[in-house]
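Everything below concerns the one structure shown next.
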Amino acid sequence: MDTIVVAGAGHAGTRLAAALRESGYSARLVLAGEEPGLPYRHPPLTKNYLGGELEEDELHFHPATFYRDNGIELINQRVAGIDRAGRAVRLADGQALGYDHLVLATGARNRRLGVAGDDLRGVLSLRTRQEAAALRGALATAKDIVVVGAGFIGMEFASTANRLGHRVTIVETLDRPMARLVSPQSGRRFTTLHELNGNRLIFGNGVVRLHGDPEGRVRAVELDDGTRLPADLVLVAVGVTPETGLARAAGLDVADGVVVDEYLLTSDPHISAIGDCAAFPHEGRRIRRESVQNALDHAGLVAARLTGSRQPYGKIPWFWTEQFDWTLQIAGHPDGHTASELHESAGGVFSHQLYQGRRLIAVESLNLPDDHFAALQKLSDAGEPILEAG
Ligand code: FAD
């Protein structure tokens, strides 16, 4: 193989480039990312970067010398098109780049709220380093903060803003926070945690409109029961959609994500897809996961395949969230659990085991990192391969 091109320089793409070199791939390697600057980590954006404890240059995966020293051609440009027949990509500046294998690691984009007023000034989103910097600036002067969406991003942002002295209102259409990834019991614990710290959570209500002043700045959030919440900063955190534009335009199979097989190959054998954008087979259906662990494990698997070791993907998922002084780690997926056991210890820390029938499907560990790693082992003993920590 003479040239591998990676489109997208986030967690998955950057890890893939490094892993290819670690696995002995020595030919041309291009990492093309549309964002300016060096590739960076996302998790601190809602946590210690937003909190002011970490500066922008501390977000980078690697210094610039790493890419030079490892012969990784880092190009800050969008991949604008794929010529599958000619096996070449077109960059935003028009330049064509041939490839033997192309890897799509294009991630996901934040959803918009899609109601009147969602383009007012003061209505912000959080995905990229630039958006996090804008939020950090806005927090310095904000008085009334409303978060729309009680997922990981919204809850973590609300916790950091609270730590900075703000009292935040979180609005969520469902009846609990982080409903997609954590159990109702853990969701309740985090609701209480926020409330004890002065944040307010409103469940079961949607936002119907944002109101602004004559200067175009947001002033209030209107809910579907007519409530108007004063707001001069609104964070919209209502989930993401996979970035599939490039794949779709190139005629690859796309569903909710770029469709790949168990080896993370798309419908074109010369193109793989990894990370948030990839929809892969899992227990008879096709899923996507939005986590660092998934991005890193996908990258490891494709690097191994491209350097001669072909294996199907079957890692146990794990996630974490940090809010206030609490870290919840989730091994496995709580979806569809039918029973659970909560083992609580002094200080409120707990290990929560979730079962489907008699099968252990997930373990949630609150401030118990050792239990989390033991849980991963236990889940792996139960039939799935152990995950390799990133
Ligand atoms: P990304 O890291 O998003 O990278 C995709 C990159 O591709 C982007 O830079 C994008 O601009 C670029 N791109 C898109 N299209 C093109 C194109 N055509 N050409 C070139 N470049 C392109 N996960 C956890 O597990 N734990 C956490 O605590 C956690 N915290 C998070 C906090 C925040 C604020 C955010 C936004 C996410 C967090 N996540 C967390 C999720 C995690 O960051 C993602 O799952 C992970 O980044 C996915 O990696 P990826 O490479 O698939 O996508």
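Would segment 112-127 turn up any residue that is within 13 Å of the ligand (Cβ to nearest atom) and under 19 Å from P230 (Cβ atoms)? Within segment 112-127, one or more residues are within 13 Å of the ligand (Cβ to nearest atom) and under 19 Å from P230 (Cβ atoms).
Scanning for something part of a strand (DSSP E or B) and either more than 16 Å from the ligand (Cβ to nearest atom) or surrounded by fewer than 18 Cβ atoms within 10 Å (Cβ to Cβ) (or both), does segment 301-316 turn up at least one residue? No: segment 301-316 contains no residue that is part of a strand (DSSP E or B) and either more than 16 Å from the ligand (Cβ to nearest atom) or surrounded by fewer than 18 Cβ atoms within 10 Å (Cβ to Cβ) (or both). In the list E22, E53, which residue meets the criterion of being at pLDDT below 95 and among the acidic types (D, E)? Just a single option satisfies the conditions, and that option is E53. Selection within segment 93-111: residues that are under 21 Å from G257 (Cβ atoms) and either away from the ligand (no atom under 14 Å from the Cβ) or among the charged types (D, E, K, R) (or both). The member of this set that is surrounded by the most Cβ atoms within 10 Å (Cβ to Cβ) is H101. Pull up segment 34-53, narrow it to residues that are near the ligand (Cβ under 8 Å from one of its atoms) and touching a Lys or Arg at 6+ places or on another chain (Cβ under 9 Å), then point me to the one that is nearest to S125 (Cα to Cα). Of everything passing the filter in segment 34-53, L45 is nearest to S125 (Cα to Cα).
In this structure, E55 does not satisfy being closer than 20 Å to G13 by Cα and of a type in the set (D, E, K, R).
For segment 259-276, the criterion of being surrounded by 14 or more Cβ atoms within 10 Å (Cβ to Cβ), part of a strand (DSSP E or B) and of a type in the set (D, E, K, R) is met by none of the residues. Of the conditions (1) within 11 Å of the ligand (Cβ to nearest atom); (2) within 22 Å of V79 (Cα to Cα), N294 fails just one. Which one is it? N294 satisfies every listed condition except (2).
Figure legend. Inter-residue proximity from segment 60-78: first residues assigned to a loop (DSSP other than H, G, I, E, B), second residues away from the ligand (no atom under 15 Å from the Cβ), beta-carbon distance below 6 Å, spacing 6+ or different chains. Indicated pairs: N70/R21.
The values are calculated or read from the model by the stated rules, or taken from the named source; none is laboratory data. None of the values given here were measured: they were computed from a predicted structure. Using ideal geometry, Cβ is built from the backbone for each residue, glycine included, and neighbour counts are taken over all protein chains shown.
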